[in-house]
Structures are given as C-alpha cells and as structure tokens.
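See below for the structure under consideration.
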Amino acid sequence: MPSLKDIEKQAAMLMGFTQQSVGKTQARKEFFPLVDSLSTSASAVQITDHDKPVAVLLSYHHYMALASKVCMHAKTAAHPKLPNLIGSIKIKTDNLEAASEKIAEQLKQSLKDTASSL
C-alpha cells in the first residue's frame, strides 16, 4: 500500500499542480495572498496543524478538474449489470406478495427434491 507522501506526490502530478505546505497560523495570516497565488499558478496549499495535514486549499479550477476526474472514473468503473451477490434474489414484479409466495413455493419444492434425492 502506498504511503501518504506517495499518494500526495502522485495526486499532485495527476492534477498538474505543485504543492506547498503551511501551518494554520501562517495560512491565517497570509490567507488572501495564498488565495491570489492559487488563481495565478498551478498549485495547492496543504494546511497543517502541528505538522499534521488538516486541509488543502486549491483553486476553483483545480477543484472542478478533480471533481470531473472523479465523475469520469465513477462512470467508467460502474458495471452495467448488477453484481451477483451470493444468496440474493432479483424480483421483477409490482406484486411483492405474489412474488414472495412464488419464491416460498420454489423453496419448498427444492427442499422436497433435495430430501427425496438423499
């Protein structure tokens, strides 16, 4: 499993920006210049609290690019057919009572067939 540092580097490379890190206090003091720098350069700012990452500040453009990539990945990863879950039953009916009775009858018949084959 990749480390957090490896994931950060790969994400920055895929998103096409450089990443800088600042503490919460520095980010608070320099908030407006940080926001301005995001709109003029391809970068993200990692905000830390006692050297632990707590937030990321990035431009709206990069946020939308990230959201677009996530949506595209979700569409390509989706399978057109439903997963085959062990023990699951697909019911295609508007009448659940009738479907339930049919399933119960099929189960009873299956139990009878199994008992008679033993």
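One table, with the values for the structure above:
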| item | result |
| --- | --- |
| Any chance LEU66 is touching a residue at least 40 places away in the same chain (Cβ under 8 Å) and part of a helix (DSSP H, G or I) | yes |
| Given (1) surrounded by 15 or more Cβ atoms within 10 Å (Cβ to Cβ); (2) touching a helix residue (DSSP H, G or I) at 6+ places or on another chain (Cβ under 8 Å); (3) closer than 19 Å to GLU8 by Cα; (4) not polar (S, T, N, Q), number of the condition ALA27 does not satisfy | (3) |
| When residues of segment 1-57 are limited to those that are assigned to a strand (DSSP E or B) and among the small types (Gly, Ala, Ser), the one farthest from LYS69 (Cα to Cα) | GLY23 |
| Residue count for segment 2-36, restricted to those that are at pLDDT 85 or above and of a type in the set (Ser, Thr, Tyr) | 2 |
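The values are calculated or read from the model by the stated rules, or taken from the named source; none is laboratory data. Values in this document were obtained by computation on a predicted structure and should not be read as measured data. Ideal geometry is used to build each Cβ from the backbone, glycine not excepted, and the neighbour counts take in all protein chains shown.
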